[in-house]
Amino acid sequence: NYEQQNGRMMQENSLLEDAGRLLHYYNWIIPDMRHEDFEEIDNIRVPRLTLVVREYRLELDVRESSIVGAGYGVYVSCTRLFGGENCSRSKPVILKAGELVDMGVYGPFRLEDKKPESVFFVKNFIHSRTCEEWAFDSGESQFQVDITDDVSGDIHAEAKKRIFAYVNESNVDGSVCIRAEHDPEGSVHYLLGHSHQSQGDFVLPSNGTPVEVFVNYGEGYEAVRVRKGYSFLPDGSVKKQSLTKSIQLADATDVKEMDRFGAAEVEAAIDFLFGLFAKDEDFSIRFIHRAIIVAVVLQRRARQLFLDGNNDTVDDAPSAVNMRKLLQRSRNVVTLLLGMVQGGTDESKSLHAAGNVDKLCALVLKTSFSESEFAKLGDLVE
């Protein structure tokens with residue numbers, strides 16, 4: 001018996017959902033063996049993965065992608081464990097649609113990879129939305145799984161050890177053979193095979209011929225594609241134009257969203273900022289500016305929550321003492337960050353030296369937002 005099969009119902013909001021084509025049931029095939037190691041490509045250390053499934057060896061390695069300009073991609077090569085000289089004449093591996101080989105966990109890898117939504121929202125804003133390329137829902141509504149480094153915003157070192165980070169996207173139905181899916185614990189696995197009935201069987205030659213594998217993150221990922229310049233939408237389409245416009249106004253939209261945070265969300269975001277800037281790192285002035293924007297909005301929100309709390313008669317409302325502490329901490333984080341802009345322009349240095357907090361904040365806003373974003377922010381600017 002070469003496989004252990006675990007039938008699972010597809011989740012309604014799965015990462016690769018296409019409601020018109022979903023199977024109602026599919027099997028996870030657990031490999032009998034998996035081994036991870038590394039190899040050198042162009043003087044770069046990249047991961048490699050070997051799986052034993054049934055009587056076959058599947059080797060996944062990193063090579064130049066078949067997609068022009070996409071850099072590296074992941075290829076799978078299949079050979080029989082036994083067969084000797086007849087291996088080249090082996091029949092191909094055929095997996096029925098819905099039979100999916102569990103290749104392993106895409107994430108999370110560290111405790112800190114699971115973040116409250118408000119913390120990830122703030123981090124993603126500070127890093128100009130690069131973090132959302134490597135994030136996914138955790139299966140719990142108030143948390144996000146984020147496999148990027150807090151300081152750099154790039155995929156972190158532990159995630160780089162896994163080959164899944166090199167898998168490219170495709171919107172060609174027949175080429176998509178990787179499905180991302182949650183397990184019961186909330187971790188996301190990469191599964192090899194065809195998950196949609198319309199794709200038919202997944203056929204893999206067993207003579208060692210490498211085949212590039214692709215994933216598709218679905219329509220919800222389109223904003224990231226548009227921002228990175230490889231949208232799957234036709235040029236000139238209404239939806240693409242709408243996404244492009246929303247991206248241009250994303251900073252203003254995000255600021256208004258932070259201004260609606262609850263007390264627990266504000267507190268978690270402030271804790272994150274204190275922890276982030278306690279690190280001994282050389283932060284860019286743009287990075288600090290964006291963090292100041294967040295801190296100022298959080299301070300404004302904490303003040304409003306404090307005022308609302310003094311007039312609140314709800315039993316479970318945050319106490320006035322706790323809200324006062326939160327307001328003070330929000331002020332402290334603004335002070336901390338403003339103290340870091342002294343390495344900026346001459347104007348910011350002089351404002352910092354003079355202790356002119358209001359004008360210093362105004363300067364940060366002026367250099368960080370476009371005129372259209374200012375118009376959308378409205379009274380928040382004041």
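Structure summary
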| item | result |
| --- | --- |
| LYS240 - accessible surface, heavy atoms, 1.4 Å probe, Å² rounded to 10 | 40 |
| Largest to smallest accessible area among THR253, THR335 [probe 1.4 Å] | THR335, THR253 |
| Accessible area, probe 1.4 Å, largest first, for residues TRP28, TRP134 | TRP134, TRP28 |
| Exposure of MET33 as accessible area (Å², to 10), given a probe of 1.4 Å and all protein chains | 80 |
| Exposure ranking of ARG110, ARG45, ARG301 by accessible area [1.4 Å probe, largest first] | ARG45, ARG110, ARG301 |
| Gap separating the Cα centres of the range 260-285 and the range 128-205, nearest whole Å | 27 |
| Two-site FRET efficiency, THR253 against ALA278, from Cβ-Cβ distance with R₀ of 35 Å, rounded to 0.05 | 0.75 |
| ILE30 - accessible surface, heavy atoms, 1.4 Å probe, Å² rounded to 10 | 50 |
| Distant-in-sequence amide H partners of PHE143 (H built 1.01 Å from N, under 5 Å) | GLU117, SER138 |
| Convex hull volume per residue for the range 91-145, taking Cα atoms only, in Å³ | 122 |
| Cα-Cα over 21 Å, subset of LYS123/LYS359; LYS256/LYS279; LYS123/LYS228 | LYS123/LYS359; LYS256/LYS279 |
| Other-chain or far-sequence residues with amide H under 5 Å of TYR106's (modelled H) | VAL188, HIS189, TYR190 |
| Solvent-accessible area, 1.4 Å probe, carbon plus sulfur percent, for the range 95-248 | 52 |
| Residue-span extension gain [VAL321 to PHE82] - 0.36 nm each, minus C-alpha spacing | 78.9 nm |
| At R0 = 22 Å, FRET efficiency that the Cβ-Cβ distance of GLN328 and GLN304 yields, to 0.05 | 0.90 |
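The values are calculated or read from the model by the stated rules, or taken from the named source; none is laboratory data. None of these values were measured; they are calculated from a predicted model. Note that we place each Cβ from the backbone using ideal geometry, even for glycine, and neighbour counts take in every protein chain shown. Just so you know, the surface numbers come from the protein's heavy atoms only, side chains and all, with ligands and any DNA or RNA stripped out. Shrake-Rupley method; radii C 1.70, N 1.55, O 1.52, S 1.80 Å.
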